[in-house]
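Structure record follows, encoded as structure tokens.
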């Protein structure tokens, strides 16, 4: 065995993980080569010195935190399973974008701006004066009025008095 | 008769939570220890170790015993550690012992004389364990992984090679370079004081 070969096998030998054949060949070489023997001794000391570094131990709450994270897994698993289906994810993303556009449309469309206050007041007054139209029965029976024979004009009746119309509630 | 790791993992795959607890009990400390030595930050090491177990849990349904369980486990841990180191590299404030000199000509010269003197100075300021830790941390990432798995996790060469996805001969060269570097860096420490009694054992399971 050459010195270069021994160097490569030295740490396996020192760590006790070289095969029996390799161990025997390394030991044969070390017995005959003072340089490699000195190097092996230095490596052995380094190997021992590395034991001086204390182990890093897990903290007390390690398991509890891990169990919390695992308990949160099903939803995550569902989510990641979902996003792993590109077509489905794309479809839902487009649908969500469409919904956002639809919901935001009234705010952004100038054609549907709130009406001017004066226009609103005029419309309100006009509707207020059409109180009779609020009665559904009246509205639905207006058509029948045109079929009625005109009543004889009573000169004593005020011109602006409206004919009495049955409201469908027994005259109440 | 105790079940093997692969058998436990197959039981986890079948929905047995107790088998997962047994794997957690067995590998909690080795993983935190390995990751702690890799990233040199306990909180980060714990987060990464939890992430390893989470990934094992998530992958349980797809698990197939194609390799040793520990190979799979430490490959996940190694990848997470390397990613974490790369992600956080810009945040690290510590200057590596072997960090290259600044290219800025206006920068003040670094007072880093010979390696022996540096380590002597560190020995004055820090305890021996810290010097050793820093020497290990100064190794290139792949060498560091190889040394930690070899020295502290007591893995054989074939398993470390699988974790690092390299050939065994490449691993032997890697380990030789790593220990040679440690031998040079730790020489004053090794030869000026006798080594203390072993304090940090590797795999505890």
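Couple of notes before you dig in:
- Scanning the stretch A:14-24 for residues that are over 20 Å from residue B:190 (Cα atoms) and in contact with a helix residue (DSSP H, G or I) (Cβ under 8 Å, 6 or more places away or on another chain) yields A:17, A:18, A:22, A:23.
A quick yes/no check of all residues on (1) buried (at least 17 other Cβ atoms within 10 Å of the Cβ); (2) without any contact (Cβ under 8 Å) to a residue 60 or more places away in the chain; (3) more than 7 Å from chain A (Cβ to nearest Cβ):
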site: B:27; (1), (2), (3): yes, no, yes
site: B:34; (1), (2), (3): yes, no, yes
site: B:44; (1), (2), (3): yes, yes, yes
site: B:55; (1), (2), (3): no, yes, yes
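- Members of the stretch B:9-19 that are surrounded by 20 or more Cβ atoms within 10 Å (Cβ to Cβ) and in contact (Cβ under 8 Å) with a residue 24 or more places away in the chain: B:9, B:12
- Matching option when the condition is facing chain B (nearest Cβ under 10 Å), part of a helix (DSSP H, G or I) and farther than 21 Å from residue B:154 by Cβ, among A:70, A:8: A:70
- Failed condition for residue A:13, given (1) under 59 Å from the mean Cα position of the chain (by Cα); (2) facing another protein chain (nearest Cβ under 10 Å): (2)
- Residue in the stretch A:27-36 that is more than 11 Å from chain B (Cβ to nearest Cβ), within 17 Å of residue B:187 (Cα to Cα), at pLDDT 90 or above and in a helix (DSSP H, G or I) present: yes
The values are calculated or read from the model by the stated rules, or taken from the named source; none is laboratory data. The shown structure was predicted, so the numbers you read here are calculated from the model rather than taken from an experiment. Here Cβ is always computed from backbone atoms with ideal geometry, including for glycine, and neighbour counts include all displayed protein chains.
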